[in-house]
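*Asks:* Before I ask anything, let me first share the structure, which is written out below as C-alpha cells.
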Amino acid sequence: MTAFLVIIVILLFGISVWQMNRIFQLAKTKPLHHPDIATDKDNNQQGYLMMGFLAFIYILTIVSFWLWYDTLLPESGSEHGSKIDNLMLISMIIIFFVGIVTQAILHYFAFIYRGNKVERATFYADNDKLEFIWTIIPVIVLAGLIIYGLFTWTDIMNVDKDDDPLIVELYAQQFNWKARYGGNDNTLGEANVRLIEGVNQLGVDPADPNGQDDKIVTELHLPVGRKVLIKMRSQDVLHSAYMPHFRAQMNCVPGMITQFAFTPTITTADMRMNDHIVEKVANINNIRKDKSEALIANGEEALEPYEFDYVLLCNKICGISHYNMQMKIIVESEEDYKAWLAEQPTLAEQLSK
Ligand SMILES: [Cu+2]
C-alpha cells in the first residue's frame with residue numbers, strides 16, 4: 001500500500017512539473033495561427049465540457065442521496081436533539097439551494113460566453129447595484145443563521161440547576177472510557193490525576209467524603225426522561241465524547257472539566273424497534289453474514305449477529321487505537337437503572353478490597 005501511494009505521489013508530481021512547463025510555453029507570445037492558440041472548435045469543446053461537468057455534479061449529488069441517504073442518523077434519542085436536527089436541516093437546505101443555483105449560473109455563463117473568433121469580451125469595470133445585492137443577501141442570510149444557531153446553542157448548553165440533573169463523570173484515557181456516578185448524594189468526589197494509585201484509577205480524592213460512595217463503571221446506564229449532566233475529564237490528551245444518537249458532543253481536555261447536559265427520551269429497547277434502526281441492523285447483519293461465510297470457509301469462527309446499542313465514541317484522533325475507543329450506553333426505565341446501579345460497588349468498597 002505504501003509503495004502504491006509513493007508511486008502515485010511521484011506520478012502526480014511528474015504530471016504537475018509537465019503541466020507547469022506547458023503553462024510557461026503557452027505564456028510566450030505566439031503568432032495567431034500557432035497550434036497552441038485555441039480555435040473555435042477548442043472553445044466549443046471546452047464550453048460543452050463545462051455543461052457536461054455541471055450535469056456530472058448534479059447526477060453525482062442525486063446518486064449519493066439515493067445510495068447513502070439511509071446511512072444518516074436515526075431519529076434523535078434526546079430532548080434537545082430535534083433542535084440540532086432542525087438547525088442542520090435548515091443550514092443544509094440553504095447550502096444546497098445556493099450551491100445548485102450558483103453552480104448552474106457559473107457553468108452556464110462559461111458555456112454561453114465561450115470564446116469565439118469574431119466576438120470580443122466587453123470591458124466591464126463594476127456595477128455598484130449588483131455588488132450591493134450580492135453582498136447584502138448573504139449578509140442577511142448568514143446573520144439569520146448565526147443568530148438562530150446562537151439561540152439554539154444557549155438553549156441547549158444552559159443547565160437549569162432546578163432540573164436536579166443526574167451527575168455523571170466521563171473519564172477519557174488512551175484508549176477507553178470510564179464513567180463515575182456520584183452515589184447516593186449525587187455528588188462527585190474531588191479528583192486529580194496526581195491521586196491515581198492502584199485501583200483508584202480515576203484519582204478520586206480518598207479524603208473527600210463525597211467520593212466514598214462514588215461508583216466507577218465501564219458501561220453508561222441512564223434513566224429515561226431524566227436530565228443527565230455529564231462532566232468530562234481527560235487523563236492524557238484531547239479526546240471528544242461523542243454520542244451521535246443523542247446529538248451530543250463535547251471535548252475532554254486534560255486539566256479541566258467540561259460539561260454537557262441532555263435528557264434521553266427513548267430507551268434502548270424502544271430504539272431497537274425504530275423502523276430506521278431495524279433496517280440498519282438488518283443491513284449490517286447481512287454484511288456480517290457474508291463475512292462469516294468467508295471466515296467459516298477459512299476454518300475460523302463466525303461473527304456474532306449485531307444488535308443496536310447507543311454508543312459513546314471518541315471523536316478526536318487521539319492515538320493509535322482511537323478508532324476503538326467506545327463505551328456502550330444503555331437507556332432504561334428508572335427502576336432498571338436503580339437496580340443496576342445498586343449492584344455496582346462503591347469506591348470505598350473497591351479500595352478496601
Ligand atoms: Cu480518544
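The values are calculated or read from the model by the stated rules, or taken from the named source; none is laboratory data. Because the structure is predicted, anything quoted here is derived from the model rather than measured. Reconstructed Cβ throughout: ideal geometry from the backbone, glycine too, with neighbour counts over all protein chains shown.
*Asks:* When only residues in the range 202-219 that are surrounded by 15 or more Cβ atoms within 10 Å (Cβ to Cβ) and of a type in the set (Val, Ile, Thr) count, which is farthest from residue 180 (Cα to Cα)?
*Replies:* 204
*Asks:* Ok, one more. With the checklist (1) within 30 Å of residue 141 (Cα to Cα); (2) without any contact (Cβ under 8 Å) to a residue 12 or more places away in the chain in hand, flag the one item residue 25 doesn't pass.
*Replies:* For residue 25, the failing item is (1).
*Asks:* Looking at the range 159-186, I want the residues that are at positive phi and have a partner that is away from the ligand (no atom under 16 Å from the Cβ) and of a type in the set (Val, Ile, Thr) with Cβ atoms under 7 Å, at least 6 apart or on another chain. Which pairs are those?
*Replies:* The qualifying pairs are 183/346; 186/167.
*Asks:* Say we look at the range 297-322 and pick out the residues that are under 21 Å from residue 276 (Cα atoms) and within 16 Å of the ligand (Cβ to nearest atom); which of these is surrounded by the most Cβ atoms within 10 Å (Cβ to Cβ)?
*Replies:* My answer is 312.
*Asks:* Go through (1) in a loop (DSSP other than H, G, I, E, B); (2) under 32 Å from the mean Cα position of the chain (by Cα); (3) more than 27 Å from residue 310 (Cα to Cα) and name the single condition residue 159 misses.
*Replies:* (3)
*Asks:* Can you pull out the residues in the range 166-186 that are within 16 Å of the ligand (Cβ to nearest atom) and among the hydrophobic types (A, V, I, L, M, F, W, C)?
*Replies:* Residues satisfying the conditions are 170, 172, 175, 177, 179.
*Asks:* May I pose another question? Which of the residues belonging to the range 4-55 are at pLDDT 90 or above and either touching a Cys at 6+ places or on another chain (Cβ under 7 Å) or β-branched (Val, Ile, Thr) (or both)?
*Replies:* 6, 7, 8, 9, 10, 15, 17
*Asks:* Count, please, the residues in the range 261-306 that happen to be within 22 Å of the chain's Cα centre (by Cα), among the acidic types (Asp, Glu) and closer than 28 Å to residue 232 by Cβ.
*Replies:* 0
*Asks:* Another question about this same structure. Closer than 30 Å to residue 204 by Cα and more than 16 Å from the ligand (Cβ to nearest atom): which single residue out of 128, 85, 163, 155 fits that description?
*Replies:* 163
*Asks:* Would it be correct to say that residue 140 is over 30 Å from residue 270 (Cα atoms) and exposed (fewer than 12 other Cβ atoms within 10 Å of the Cβ)?
*Replies:* Spelling it out, residue 140 is indeed over 30 Å from residue 270 (Cα atoms) and exposed (fewer than 12 other Cβ atoms within 10 Å of the Cβ).
*Asks:* Within the range 326-336, does at least one residue satisfy the condition of being of a type in the set (Asp, Glu), surrounded by 16 or more Cβ atoms within 10 Å (Cβ to Cβ) and either more than 11 Å from the ligand (Cβ to nearest atom) or part of a helix (DSSP H, G or I) (or both)?
*Replies:* yes
*Asks:* Next question, about the same structure. Give the residue that is modelled with the lowest pLDDT, with candidates limited to residues of the range 114-134 that are touching a Gly at 6+ places or on another chain (Cβ under 9 Å) and surrounded by 10 or more Cβ atoms within 10 Å (Cβ to Cβ).
*Replies:* So in the range 114-134, the residues touching a Gly at 6+ places or on another chain (Cβ under 9 Å) come out as 114-115, 121.
Subset that is surrounded by 10 or more Cβ atoms within 10 Å (Cβ to Cβ): 114-115.
Values: 114: 90, 115: 87.
Ranking the candidates gives 115 first.
*Asks:* So, of the residues in the range 233-261 that are within 25 Å of residue 72 (Cα to Cα) and within 13 Å of the ligand (Cβ to nearest atom), which turns out to be surrounded by the fewest Cβ atoms within 10 Å (Cβ to Cβ)?
*Replies:* The extreme case among them is 249.
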